[in-house]
Every structure is written in C-alpha cells, then in structure tokens.
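Here is the structure we will look at.
The values are calculated or read from the model by the stated rules, or taken from the named source; none is laboratory data. Because the structure is a prediction, the values reported are computed rather than measured. Heads up, the Cβs are rebuilt from the backbone with ideal geometry, glycines too, and the neighbour counts pull from every protein chain shown.
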Amino acid sequence: MSIEDTSPRNLALAMRRGAFGRCPHCGEGRLFTRFLKIADRCEACGVEFHHHRADDLPAYIVIFIVGHVVVGGMLSAETNFDWPIWQHVLLWPLLTVVLSLVLLQPIKGAIVGLQWALRMHGFGHHPDGDDHPALRPHVGEPRP
C-alpha cells in the first residue's frame, strides 16, 4: 500500500529547472535526451517523464513571442530607419529562425515543469484523463 505524496510543489522552481533542461523534481538529471525529445525518466532521481503532454503548446508560445518581436521590429525599423529592402529580407527571416530555435527547448522544458508541479497528466499518484486504464479501450472493443 503506497501513500500518495500531496505536499505542495514549487511551481516557479520546477518551471525554471525545466527551462534549463533539468529535472523539475531534483534539478540534477537531464530533461531532454535530444533537442526536443523528453527523457523517459530522470537519471538522478527516477521521476518518470514518459507520460508528459506538452503537445503543441510550446510551439504556440514560441510563435506568439517571436511574432511579436519580429513584427514589432519590422514596423519599428520601417518607420524609424531607411533600410534598403535587402537588409529587411536578410534580417527578419534569420531572426525568426534563430529566435524560434533558441526559445523552443526552454519553453517546452518549462511546460513539462509546470505539468510536474501541478501533477498534471500522470505526474501525480493517480493517472488522469486518457491515462486512466478504465478509460482506455481494450483491443477489439469499441470506445464507450
């Protein structure tokens, strides 16, 4: 018989650790095995990450941030400076790609840290939503 740990988790600390690519629980183990591939579990403390569900949220957040920075920069440059068109064509797409690549992994790590701190999607003792075995269809049976 196991006792569920219901102690509060530090949300800001978990998100900061995730943003730096570290385990949101201990801060020691690596969160990512590749650029955007989350490790199955922390090699330091054993917390499992295989059930995380960041899905498309990190990409949407990156699009929102980069879009505001790039469009704001373009409008500012166009109204305040007299740049030739080739400088715009060179700068803004390059800035968009670089900012997107720089922000994507930290934002995904922060989202996983958020999920861990709030015990979402299997990070608590009991699975939730589609993770619950009673809600999963068995092979050959229709979904309820």
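Taken over the stretch 79-98, residues that are under 30 Å from Ile111 (Cβ atoms) and surrounded by 12 or more Cβ atoms within 10 Å (Cβ to Cβ) amount to 4. Inspect all residues belonging to the stretch 64-75 and state whether any of them is assigned to a loop (DSSP other than H, G, I, E, B) and at pLDDT 95 or above. So far as the stretch 64-75 goes, no, none of its residues is assigned to a loop (DSSP other than H, G, I, E, B) and at pLDDT 95 or above. In the set (1) outside any loop (DSSP other than H, G, I, E, B); (2) touching a residue at least 24 places away in the same chain (Cβ under 8 Å), the condition left unmet by His51 is number (1).
Quick one: in the stretch 24-78, which of the residues that are over 19 Å from Ser100 (Cα atoms) and touching a Ser or Thr at 6+ places or on another chain (Cβ under 9 Å) is surrounded by the fewest Cβ atoms within 10 Å (Cβ to Cβ)? In this case the residue turns out to be Asp40. Taking the stated definitions as given, is Pro142 at pLDDT below 95, over 15 Å from the mean Cα position of the chain (by Cα) and either farther than 25 Å from Gly27 by Cβ or assigned to a loop (DSSP other than H, G, I, E, B) (or both)? Here the answer is yes, as Pro142 does meet what is asked.
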